[in-house]
């Protein structure tokens with residue numbers, strides 16, 4: 001089966017959650033025996049050579065990103081330049097503001113040459129592409145996240161919002177353009193099913209991770225690996241101020257390693273904290289610490305960095321929000337702690353009890369294996385619909 005995957009983000013370097021997800025889905029579909037072409041609608045810089053190598057030279061395509069040329073879209077973007085700077089006033093995007101007719105035509109021309117069976121679109125703001133193809137193709141929309149009035153989450157926390165946000169009606173319109181809607185976790189799947197009133201199939205496909213059972217070698221070190229978005233910055237600043245001092249009082253040689261582009265937004269000179277910035281590979285970062293933290297208190301979707309931590313055989317300490325979409329199972333696979341004292345106690349407990357740390361890491365790794373198997377089964381189920389449609 002020939003599949004075209006259309007994405008606004010590259011797959012490499014896989015140092016952000018959305019890139020890691022697109023890469024993992026592409027790889028999982030390849031492993032299922034399908035032929036995958038990758039089209040990067042270039043909204044951000046990436047490693048083109050690695051993307052091309054990953055899918056094969058003849059299967060890699062790219063086109064420059066262009067905003068929608070419609071007059072209303074142009075006016076809306078002009079207004080948003082001013083309103084988005086305010087915490088208390090915000091204008092939603094139009095659903096198709098990020099999708100130019102040039103992008104649509106590029107896909108149509110590519111299909112004329114390649115003849116795809118499946119169009120797999122990443123993010124609802126590219127769903128416009130699906131409207132230009134008929135029932136002869138299976139149309140799949142991987143949502144990544146919910147975008148209905150998404151800006152409100154940020155305004156409530158007095159933070160600027162710099163990403164995509166639409167009305168509920170527009171999100172529904174996007175979903176109905178597809179034959180199959182992919183949600184990243186169960187709760188969002190239920191929300192989408194309710195929104196479209198059962199008119200389309202909604203499948204839940206979590207993050208298909210690359211498993212790498214790293215040995216445990218540094219129980220006194222914890223890792224926070226994140227991109228530089230506002231929620232991640234807020235999360236680690238809170239941890240440094242409220243939680244890390246409590247950990248150091250109990251374990252004087254405890255170390256916090258911060259990795260990823262979040263480091264570009266921090267100024268930290270406290271003892272026991274080391275910032276290493278963007279790493280060449282995820283394995284490089286995860287090998288530095290036996291414990292991974294993600295005490296995020298806000299946000300939607302599946303926290304991909306949590307699944308990655310389990311797949312690298314690390315003991316994970318996260319929050320209830322961070323655990324959304326995962327099976328908490330009585331703190332068997334990872335530890336959930338919401339209050340600062342509770343979080344510090346969990347980390348200290350792991351540092352002082354290496355046997356418990358190993359049990360959590362082993363259980364989490366097994367859970368990641370099962371997570372992969374479930375994702376692979378659901379991908380097979382989705383793509384089998386193409387045969388039914390024909």
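Structural remarks
- Meets criteria (surrounded by 18 or more Cβ atoms within 10 Å (Cβ to Cβ) and either under 22 Å from residue 207 (Cα atoms) or within 25 Å of the chain's Cα centre (by Cα) (or both)) for residue 62: no
- Some residue of region 241-255 being assigned to a helix (DSSP H, G or I), at pLDDT below 95 and out of contact with any strand residue (DSSP E or B) (no Cβ under 6 Å at 6 or more places or on another chain): no
- Residue within region 133-141 that is closer than 24 Å to residue 64 by Cα and over 23 Å from the mean Cα position of the chain (by Cα) present: yes
- Tallying residues that are crowded, with 23+ Cβ neighbours inside 10 Å and part of a helix (DSSP H, G or I) within region 9-19 yields 1.
- Residue check for residue 133: touching a helix residue (DSSP H, G or I) at 6+ places or on another chain (Cβ under 8 Å) and without any contact (Cβ under 8 Å) to a residue 60 or more places away in the chain: yes
- Filter result for residue 54 (surrounded by fewer than 23 Cβ atoms within 10 Å (Cβ to Cβ) and over 17 Å from the mean Cα position of the chain (by Cα)): yes
- Residue under evaluation residue 94, criteria (1) over 30 Å from residue 156 (Cβ atoms); (2) surrounded by fewer than 22 Cβ atoms within 10 Å (Cβ to Cβ); (3) in contact with a helix residue (DSSP H, G or I) (Cβ under 6 Å, 6 or more places away or on another chain), criterion not met: (1)
- Of the set (1) within 24 Å of residue 281 (Cβ to Cβ); (2) part of a loop (DSSP other than H, G, I, E, B); (3) touching a residue at least 60 places away in the same chain (Cβ under 8 Å), all apply to residue 27 but (2).
- Test: residue in region 153-174 that is under 21 Å from residue 325 (Cα atoms), at pLDDT below 95, touching a strand residue (DSSP E or B) at 6+ places or on another chain (Cβ under 9 Å) and not assigned by TED's automatic domain parsing to the domain that holds residue 231: no
- Scanning region 247-262 for residues that are out of contact with any helix residue (DSSP H, G or I) (no Cβ under 6 Å at 6 or more places or on another chain) and buried (at least 18 other Cβ atoms within 10 Å of the Cβ) returns 248, 255, 257, 258, 260.
- Flag if residue 80 is surrounded by fewer than 19 Cβ atoms within 10 Å (Cβ to Cβ), out of contact with any helix residue (DSSP H, G or I) (no Cβ under 9 Å at 6 or more places or on another chain), at pLDDT below 95 and over 15 Å from residue 4 (Cα atoms): yes
- In region 343-365, the residues that are loosely packed, with under 15 Cβ neighbours inside 10 Å and under 21 Å from the mean Cα position of the chain (by Cα): none
The values are calculated or read from the model by the stated rules, or taken from the named source; none is laboratory data. What you are looking at is a predicted structure, and each value in this text was computed from that prediction instead of being measured. With ideal geometry, Cβ positions are generated from the backbone for all residues, glycine too; neighbour counts draw on all protein chains shown.
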